[in-house]
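Throughout, read-outs are computed from the coordinates displayed, never taken from laboratory work. Predicted model, so just to flag it, every value in this text is computed and none were measured. Ideal geometry is used to build each Cβ from the backbone, glycine not excepted, and the neighbour counts take in all protein chains shown.
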Amino acid sequence: MITFVNTLINGILYGGILSIAAVGFSLIFGVMNVINLAHGVFVIGGAYAALVAWTRFGIDPVLALPIVMAAGFAIGATYQRLVIQRAVERGTPVAALLVTFGFALIVINGLNVVFSSTVRNISPSYSFLNLRIGPISLDAVRFVSFLTALALIVLLTLYLRRTRMGRIIRATAQSELAARLCGVDARWVYAATFGVGSAFAAASGVLIGMMLPFTPNDEVLWTVYAFIVVTLGGVGSPAGALLGGILLGLASTFTQTYVGAIYTNVVMFVLLLLMLLVRPHGILGSAFKGSR
Amino acid sequence: MASNAWARSTALLALVVLLTLLPMVLPPFYVRVAMSICLGAGFAVAWYILGGFAAYYSFGHTAFIGIGAFAAALACQAWKAPHWLAQLGIGLGAATLASAAVAAIIAWPILRLRGHYFTIAMLAVALVCAELASAVPAFQGAIGIGLPNIVPLSVRVELFFYWVSLLGFVLTMAVAMAIARSKIGYGLFAIREDEDAAQMLGVPTTRYKVQAFVISAALTGLLGAMFAWNLGYITTDSVFRGSLSLEMIVNCLVGGLGSLTGPLVGAIVMMAVTKLLLSNMLEYHLAFTGFIIIAIVLFTPEGLVGFVRRKRLARQARAEGNAE
């Protein structure tokens with residue numbers, strides 16, 4: 001019973017991280033209909049940025065979070081304007097897909113050259129603290145990361161729902177033509193959306209860096225996880241990402257506890273395949289489209 | 001017209017004979033490069049049967065390379081044959097059958113997906129296969145498995161594998177050309193242009209897609225076994241590598257998705273560039289590939305073959321304009 005409760009809690013905590021790692025991917029996919037295969041690169045890039053901040057400048061990862069997010073926004077927006085937008089204007093969605101893949105390869109190569117492919121981790125002083133509630137133990141870093149992830153997702157929801165910019169983004173997603181007729185500069189909106197998506201990816205990287213060991217080559221996994229989360233929960237909405245993330249987190253930890261650690265990825269990928277076959281638009285459907 | 005076809009077949013035959021004999025005078029390093037070109041072009045053409053004809057871009061074809069490689073290795077472990085040709089036949093046969101069987105099982109559900117979803121689902125298939133090859137002890141993927149040495153004593157090793165790879169490439173190309181000229185081929189072209197319209201006009205789209213998928217997978221598996229034999233010893237990481245899927249796509253893209261010449265030209269160009277020009281910059285291979293992908297998509301989306309063809313047409317049009 002205690003194993004079960006622990007697994008459940010760990011699954012939810014891990015799910016929160018998966019959600020924040022996927023929410024940017026979901027936003028970009030929902031608004032621009034571009035699958036960003038470089039998403040994992042932004043996640044891992046965030047982890048390395050936090051690593052540098054921690055080892056070189058002694059800045060705590062949690063404090064580095066806003067800086068990393070700002071950098072992620074700038075890089076993402078520039079990358080969208082210089083590369084992605086041109087590929088999209090070439091006409092085919094596959095062109096954009098390939099371009100993001102090419103970008104991912106370049107960055108991964110760069111990270112491998114600069115940081116080597118050794119496994120890294122960030123361990124601030126509090127990283128081995130455990131909160132104990134009766135027989136249930138709670139990893140402090142995971143718990144804090146989960147709360148941070150949750151807060152960021154709520155923030156993003158409010159941003160999309162309540163602010164002028166959020167409204168503009170949603171309007172452009174609904175119909176680019178109509179938005180442009182109302183005086184919206186769609187290309188600028190896309191750049192901003194991509195920037196926000198990248199900032200959230202980078203933020204998740206910082207949290208992941210504190211929780212798990214990482215190497216540059218992990219990026220593929222994070223891209224695929226993001227895709228699975230989005231497929232499970234539904235494209236374009238933060239709520240969908242949260243739901244999908246927690247489901248995937250639970251699937252992962254329960255497999256780990258009750259089936260065997262080597263099968264976690266198999267179960268996660270099979271879950272993706274099943275979901276694609278049964279309901280490719282996710283549990284919450286196209287929640288983003290429904291909300292407009 | 002008929003004499004034209006004759007001339008073409010004769011030229012093709014002469015080319016194959018030349019390609020068969022040429023490496024006997026080349027130094028071993030270049031024979032290895034030629035072998036890599038044959039395998040690379042073969043993989044690219046096999047990918048093209050689904051990705052080029054029907055525009056179903058698979059990002060996970062390395063699954064079939066791996067399945068072929070492991071099927072060959074496990075089959076050779078189970079059935080030992082005294083003669084090298086028989087052993088080669090067992091390995092390649094097992095590889096082709098295993099890949100075709102797996103493809104046939106997943107074809108129906110996975111081909112219901114389109115566009116991005118198909119692409120990513122194939123990526124997931126490749127990851128599942130790789131994880132299973134490592135996780136299930138019977139497949140021995142984590143520790144690795146060796147393939148028996150089948151090179152006859154009288155033949156140089158690199159020559160033997162060059163000939164095997166050349167055979168694989170010629171076979172793949174022949175199958176692809178046959179498909180392009182067949183009813184399935186035209187059906188696949190129709191799917192590429194507009195799948196819904198094709199279906200409404202009575203093209204059995206599902207059947208054609210499944211056939212193309214299974215053929216593509218079987219050929220990839222066959223070539224994968226050849227690739228594995230050349231390595232000699234395989235692990236999950238060496239045959240289920242994502243970069244192998246990538247190479248197929250990049251070769252097709254560099255050459256161009258317009259015709260079957262594309263994957264061949266792409267494989268030759270990319271292999272020449274990476275093996276010869278960049279041979280002492282190994283650590284920047286990935287970045288270089290990334291730059292090539294971005295440059296091709298942004299500047300010549302029709303690939304090298306399409307680019308040359310367009311230039312030629314433009315020159316012809318200009319020449320005709322001057323003549324008038």
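Distance from the alpha carbon centroid of region A:104-164 to that of region A:228-248 works out to 18 angstrom.
With the charge dipole of region A:2-290 set up from +1 on Lys and Arg Cβ and -1 on Asp and Glu Cβ about the Cα centre, the Cα lying farthest toward the positive end among the listed residues A:MET268, A:PHE25, A:ASN217 is that of A:PHE25. Applying the Kirkwood pairwise sum to the alpha-carbon positions of region A:2-290 produces a hydrodynamic radius of 19.1 angstrom.
Counts of other chain beta carbons within 10 angstrom of each beta carbon in peptide A:102-113 average 6.
Electrostatic tally near A:PRO280: other residues with Cβ closer than 12 Å to its Cβ, Lys and Arg +1, Asp and Glu -1, net +3.
Inter-chain Cβ neighbour count for A:258-270, averaged per residue, equals 4 (cutoff 10 Å, partner chain atoms only).
What percent does the relative contact order of chain B come to when contacts are Cα pairs within less than 8 Å and at least six residues apart? Answer for chain B is 30 percent. Positive contributions from Lys and Arg (+1) and negative ones from Asp and Glu (-1), summed over other residues with Cβ under 11 Å from the Cβ of B:VAL31, come out at +1.
Sorted by average packing, counted as other Cβ atoms within 10 angstrom per residue and highest first, what order do B:149-157, B:46-54, B:256-264 take?
Values: B:149-157: 11.3, B:46-54: 27.2, B:256-264: 22.1.
Result, highest mean Cβ count within 10 Å first: B:46-54, B:256-264, B:149-157.
Region B:34-102 and region B:103-182 have Cα centres lying 3 Å from one another. A viscosity of 1.567 mPa s and a temperature of 4 °C, combined with the Kirkwood radius over C-alpha pairs in the Stokes-Einstein formula, give the protein assembly as shown a diffusion coefficient of 50 µm²/s.
Ranked by how many other Cβ atoms sit within 10 Å of their own Cβ, fewest first, the residues B:GLU131, B:GLU320, A:GLU176 fall in the order B:GLU320, A:GLU176, B:GLU131. Look at the dipole of the protein assembly as shown built from charges on Cβ: of A:PHE73, B:LEU282, B:ILE37, the Cα furthest out on the positive end belongs to A:PHE73. For the protein assembly as shown, adding -39500 (n - 2.57) for each run of n ≥ 4 DSSP H residues and dividing by the number of residues yields -25000 deg cm²/dmol at 222 nm.
Work out, step by step, the length gained on full extension between B:LEU15 and B:HIS285: first 0.36 nm times the residue separation, then minus their alpha carbon distance; give nm to one decimal.
94.1 nm
Note on region B:27-241: along the principal axes its Cα atoms extend 58, 38, 28 Å, ordered by decreasing extent. Other protein chain C-beta atoms within 10 Å of residue C-beta, averaged over B:115-127: 6.
Around the Cα centre of chain A, unit charges on the Cβ atoms of Lys, Arg, Asp and Glu (plus for the first two, minus for the last two) sum to a dipole of about 740 debye.
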